Amino acid sequence: MCNTNVGQVCVAAYDTAGLPLSTACLSIQWGGGGSGWEAIQTPVTPCNCAPFVIGVGPIAGICPGTCGNGMPSPNMYFAVYDNVWGSGVYQGPADNATVYSTPFGTGIYSWYVYPIDTSLGLANAILISGGSCGAPVNNIVTVFGCMPTIYPVSITPSPVCVGDTFTAADLFSSGTFDGWFSDPQILILPTASFYSTQAVAVSGPGFFNIGFLSTDISGCPLSGTGIVEVQLCSPTPVANFIANTTSICPYACVNFTNNTSNGTSYHWRFPGAVPDTSSSLNPPTICYGSSGDYDVELIAENANGSDTLLLQNYIHVYTVASTNSHFQNDTAFINTGFVSYEWYFNNQLLQGVNSYYCPVPVSGDYSAIVTDANGCNQTVVFLGLVSSVSQNEIQSTINIFPNPASDILTIENLNKNNPVISIEIINQTRQKIRSHNGSSENRINLSVNNLANGIYTLKIQYRQRKHFQKGRYSKLNFRHINNKKALLSQRAFLLS
């Protein structure tokens, strides 16, 4: 590093115009001889593709000498470049401590070591050279490229669609697990373990990496990589539906709402219903006639596949209670146990008659709608009932009007020689709801403006009982037509 050349170091001064002002020089005696040196590469570990450090060692016994009156620069050290001086890029010091990575590949790579002085900064480093006795210098470090062992990673399934979850598995490595890595298009889920992980393809299409890092039992690094093929796919259907009700009475109907995603065509099955199949999006009016539990199945399809949803025993049809009916003593009866009863005479609702029996003061057709605890209705029909009251009709000259009656009911042709003791209006449950004191008048007006719609009996009792054992009565029946009370028939009967 020293030589025997004698020279001068001069400093020249210039003014602002660039004209020389003065020059000062110093004579330098470098001393004689020097020693040769070489760059030395040392691996950090014994592993395949291990990193290394670079240092410098002397070639001893060759051309010994001194540095004369010179002093070694404190900013002088050996530096590593990736090419020859003037073309290479500084990599770091050759201090036997800085770690350099072995390149991946099959090529041969060289690093160049030079003694430099950085008194003017690394960017203006000065190359130190010299030596008069031809001491050898070996400043090149040669590194062979390395092909590390990369274990395969299996991908299941493959390919995958954007948004799909897949499994990546390490099938061969052993040692200490360091973690999984992937390209940004792949999201590794928190289920990662040494041997497998689940991941989601978050974007695509394309081919993307997923892999693992580990350390073998010798402390050497290992890795594995798999390639995930991600495609843009139209998703397959996901069948789903709901019914507006799932518990119904016999002969009731159900409407279905299709909540399938990504479906384009549909096939419905309703075993036990009418109809029992449908291809509609939202099938309406699917009716069930018998009690029991029924399955519903929906098959949804699109160009990429199909999905089937089968809900077993989804529709429940209630079992309705049986009805027993009979007619006795001018009264129609239905068995008890129902929640409600609605009675009708000639298809007209009888107001206030809501028990399990219905008086029959007038011959005709009667019916009842009974409702059980599940809200299921049944109709019980009594056709052509004959009232004993009707069979004991008597002739009467009493005239009752108007027919229909709404506000005032007029009764005339009453027998003045046989005064009326009382006049009563009786409803279908045989309750007295209106009465009028006796009178000797031939004509009486009764107010009926606040009576409920229905059939009523007008009961007239005379003072003298000339022709009947217990009394003479006239019977009046009303029904509602256009919010008015209507006279259906006028009867006279003997109260027994």
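Say whether the condition of being touching a helix residue (DSSP H, G or I) at 6+ places or on another chain (Cβ under 8 Å) and not basic (Lys, Arg) is met by at least one residue in segment 85-104. Looking through segment 85-104, at least one residue is touching a helix residue (DSSP H, G or I) at 6+ places or on another chain (Cβ under 8 Å) and not basic (Lys, Arg).
Among residues of segment 184-197 being surrounded by 15 or more Cβ atoms within 10 Å (Cβ to Cβ) and free of Cβ contacts under 8 Å to residues at least 40 places away in the same chain, the one that is farthest from the chain's Cα centre (by Cα) is Phe194.
The C-beta contact set for segment 133-152 (first residue at positive phi, second residue surrounded by 13 or more Cβ atoms within 10 Å (Cβ to Cβ) and at pLDDT below 70, distance under 8 angstrom, 6+ apart or interchain) comprises Gly134/Cys63. Residues in segment 292-307 that are at pLDDT 95 or above and surrounded by fewer than 18 Cβ atoms within 10 Å (Cβ to Cβ): Gly292, Asp293, Asp295.
The residues on offer are Val386, Val381, Val360, and the sole one that is loosely packed, with under 15 Cβ neighbours inside 10 Å and modelled with pLDDT of 85 or more is Val381. Among the residues making up segment 282-321, a single one is assigned to a loop (DSSP other than H, G, I, E, B), over 30 Å from Thr371 (Cα atoms) and small (Gly, Ala, Ser): Ala303. The set of residues from segment 258-275 being touching a Phe, Trp or Tyr at 6+ places or on another chain (Cβ under 7 Å), closer than 29 Å to Gln378 by Cα and in a strand (DSSP E or B) comprises just one member, Ala273. So is Ala252 hydrophobic (A, V, I, L, M, F, W, C), modelled with pLDDT of 90 or more and either under 30 Å from Asn302 (Cα atoms) or in contact with a helix residue (DSSP H, G or I) (Cβ under 9 Å, 6 or more places away or on another chain) (or both) or not? It is false that Ala252 is hydrophobic (A, V, I, L, M, F, W, C), modelled with pLDDT of 90 or more and either under 30 Å from Asn302 (Cα atoms) or in contact with a helix residue (DSSP H, G or I) (Cβ under 9 Å, 6 or more places away or on another chain) (or both). Considering every residue within segment 334-341, establish whether at least one is under 56 Å from the mean Cα position of the chain (by Cα), closer than 23 Å to Leu451 by Cα and either in contact (Cβ under 8 Å) with a residue 24 or more places away in the chain or assigned by TED's automatic domain parsing to the domain that holds Arg430 (or both). Yes, there is a match, as at least one residue in segment 334-341 is under 56 Å from the mean Cα position of the chain (by Cα), closer than 23 Å to Leu451 by Cα and either in contact (Cβ under 8 Å) with a residue 24 or more places away in the chain or assigned by TED's automatic domain parsing to the domain that holds Arg430 (or both). Somewhere in segment 215-231, is a residue at pLDDT 95 or above and in a loop (DSSP other than H, G, I, E, B)? The answer is no, given that none of the residues of segment 215-231 is at pLDDT 95 or above and in a loop (DSSP other than H, G, I, E, B).
Considering (1) touching a residue at least 40 places away in the same chain (Cβ under 8 Å); (2) touching a Pro at 6+ places or on another chain (Cβ under 8 Å); (3) in the same structural domain as Ser261 (by TED's automatic domain parsing), the lone condition that Asp295 does not fulfil carries the number (1).
When Ala368, Ala332, Ala373 are checked against the criterion of being out of contact with any Ser or Thr (no Cβ under 6 Å at 6 or more places or on another chain), surrounded by 18 or more Cβ atoms within 10 Å (Cβ to Cβ) and closer than 18 Å to Cys249 by Cβ, Ala368 stands alone in meeting it. If only residues of segment 445-469 that are of a type in the set (Lys, Arg) and at pLDDT below 75 are counted, the one that is farthest from Ser387 (Cα to Cα) is Arg463. Given the structure, is Tyr344 part of a strand (DSSP E or B), of a type outside the set (A, V, I, L, M, F, W, C) and more than 30 Å from Val238 (Cα to Cα)? Yes; evaluated as a whole, the condition is true for this residue. Only a single criterion out of (1) of a type in the set (A, V, I, L, M, F, W, C); (2) part of a strand (DSSP E or B); (3) farther than 30 Å from Ser110 by Cβ is not satisfied by Phe194, namely (2).
Please go through segment 75-117 and give me each residue that is part of a loop (DSSP other than H, G, I, E, B) and crowded, with 16+ Cβ neighbours inside 10 Å, ordered by number. Selection gives Gly88, Ala94, Thr102. Taken over segment 428-440, residues that are in a loop (DSSP other than H, G, I, E, B) and modelled with pLDDT under 75 amount to 4.
The values are calculated or read from the model by the stated rules, or taken from the named source; none is laboratory data. Quantities reported herein were computed from a predicted structural model and do not represent experimental measurements. Cβ sites come from the backbone with ideal geometry, for glycine too, and all protein chains shown count toward neighbours.
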